[in-house]
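Okay, structure first, notes after.
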Amino acid sequence: MCSECRSSPCDARCPNAPEPASFCTCNICGGDISYGEDYWEDPDGETMGCKDCVEDMTARELLDYLGCNLRLAEGDYEEDYEPDWDAIRKDRMMEAYA
């Protein structure tokens, strides 16, 4: 029996109570995520991080973490895009006679 809370096992509020079991680990801060706590999963269903860590991230940090890449739009639209005019004409003809 505990001398503080006079219970066996200790009440969860007792300073002598054992730490709650860990459900998983936050991949961002490395802390334990206990049963009953909120956490985020990535699109693959893997533990991403605890609620606080993920919600404190900037949009850029979050996208980087998820493996997204920031790209610079380059090139001239007119030079890079060559429409298939034959296919477009054929589609329009098919629609007109449908």
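Some points to look at:
- Look at (1) assigned to a loop (DSSP other than H, G, I, E, B); (2) surrounded by 13 or more Cβ atoms within 10 Å (Cβ to Cβ); (3) not β-branched (Val, Ile, Thr) and you find that Asn69 fails only one, number (2).
- Subset of segment 27-59 (residues that are over 25 Å from Ala12 (Cα atoms) and of a type in the set (Ser, Thr, Tyr)): Thr47, Thr58
- Scanning segment 33-51 for residues being in contact (Cβ under 8 Å) with a residue 12 or more places away in the chain and part of a strand (DSSP E or B) gives a total of 8.
- Residue check, Leu62 free of Cβ contacts under 8 Å to residues at least 12 places away in the same chain, surrounded by 13 or more Cβ atoms within 10 Å (Cβ to Cβ) and farther than 30 Å from Ala12 by Cα: yes
- Selection count, segment 8-54, where residues are surrounded by 13 or more Cβ atoms within 10 Å (Cβ to Cβ), out of contact with any strand residue (DSSP E or B) (no Cβ under 9 Å at 6 or more places or on another chain) and not charged (D, E, K, R): 3
Every read-out reported here was derived from the displayed coordinates using simple, explicitly stated rules and does not represent laboratory data. Please read all numbers here as calculations on a predicted model, not as lab measurements. Because the Cβ atoms are built from the backbone with ideal geometry, glycine has one as well, and the counts that use them run over all protein chains shown.
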